[in-house]
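To start, the structure itself, in structure tokens.
The values are calculated or read from the model by the stated rules, or taken from the named source; none is laboratory data. Keep in mind that what you see is a predicted model, and the values were worked out from it rather than measured. FYI the Cβ positions are ideal-geometry reconstructions off the backbone, even for glycines, and counts take in every protein chain you see. Heads up: the accessible areas ignore ligands, DNA and RNA and are worked out on the full protein's heavy atoms, side chains in. Shrake-Rupley method; radii C 1.70, N 1.55, O 1.52, S 1.80 Å.
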Protein chains: 2
Amino acid sequence: MSRWEPGARERLVVAAVDLFTEQGYDATTVAQIAERAGVTKSTFFRHFPDKRELLVAGQETLSRLLAEGIADAPGDASPLEAVAAGLERASAAMGPGSRELAPRLKAAVAASTELQERDTLKTVSLAAAMTTALVARGVPDPTAALAGELGVLAFKRGYAAWAGDDRGAENELAGYALAALDELRAASASLG
Amino acid sequence: MSRWEPGARERLVVAAVDLFTEQGYDATTVAQIAERAGVTKSTFFRHFPDKRELLVAGQETLSRLLAEGIADAPGDASPLEAVAAGLERASAAMGPGSRELAPRLKAAVAASTELQERDTLKTVSLAAAMTTALVARGVPDPTAALAGELGVLAFKRGYAAWAGDDRGAENELAGYALAALDELRAASASLG
């Protein structure tokens, strides 16, 4: 879920995810990832300090984009409108390459407890990034925490819908994420 | 955050948390925990398979109690009323021993990346347990996911308020958790 630039970095991510799926995360070495991507180990280490960080790097980019989108939303935007702006900003960084990778990433995560834990931690750090950005806009604490959680739920649900939709390749992630946010907003009226 | 029964199990948890705080999680051995608790290593292993599970055990108890409380709520309870019933059930298992342990647990978690990750994963599994229990009651998916997240936020915020309140020793956790849930319900009206 990183920003997929063409070139060595993207090839390294694709190679890593494929190897994690084929033989497991633990059994995969940096040398194997570099070989599969057709680059040297030195090139790997110019992009990532180790194989775990290869996955974390995408998370930091997403957190930053979500927070920037929220910060740049109009001053009179409501908390959820600001979250929507964050989702749009982050979605724009995830193009067709991200979507192509999605099923392989899902398989790799399903096969590895360590990747599941990593994925879970990512979710929480995205929520924290959004909550912090909302507090910086003056949104009071309980509302900001709640809006941050809704934003992550919307991002996860939108991403899953995009990746699972046959016509997803022709559409942008943003539309799916914003539809998921609308659905959650509507659901909040029936909490009782 | 386990159910604190008097005896070896409780002493092991207190000893472990103290040692994690004093010397870090990684540096603490099972032998040290057993010695501090005044029991043998065999007694440790009768209660927990390893030091990590000592922390996970409490999480599984909490997940079970939250889910049971939700399942046993009246049939006409709203999603958030069912969540409130789950919070009450889980809170009842956390007595004065839990509260006394809270500041030490907080210090231990602050000092260890591994415990922070463990704590984060716990949060997510509590949300999943509540969401699953709500879906089993017939609550539709987006509402159930949202109510599960609200429940975890309420539990975390209520626990922090209870642990930080000088008069917390005289009061039960349930009151704090339900007040936090009410606060979040009110906040959901100002999401925009």
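Numbers at a glance
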quantity	calculated
Computed over the range A:1-113, Cα set: Rg, Dmax in Å	16.1, 51
Label point distance in nm, B:Glu60-A:Ala136, each placed 7 Å from Cα along Cα→Cβ	4.1
Ellipsoid semi-axes in whole angstrom, largest first, where each is sqrt(5λ) of the Cα gyration tensor of chain A	32, 17, 15
Carbon/sulfur fraction of accessible area - the range A:8-138, other protein chains in place, 1.4 Å, %	52
Distances in nm from A:Ala160 to the matching label points in the other copies, shortest first (labels 7 Å along Cα to Cβ)	2.7
Between helix B:141-164 and chain B: long-axis angle, C-alpha atoms, 0 to 90°, nearest 10	50
Equivalent ellipsoid dimensions for the protein assembly as shown as semi-axes, Å, which come from the Cα gyration tensor, largest first	36, 29, 18
Neighbour cut-off at most 15 other Cβ (10 Å), DSSP loop, trypsin sites (Lys or Arg not before Pro), the range A:58-137	A:Arg137
Gap separating the Cα centres of the range A:48-106 and the range B:67-125, nearest whole Å	29
Accessible area (Å², per residue) of the range A:1-124, counting only protein heavy atoms and a probe of 1.4 Å	46
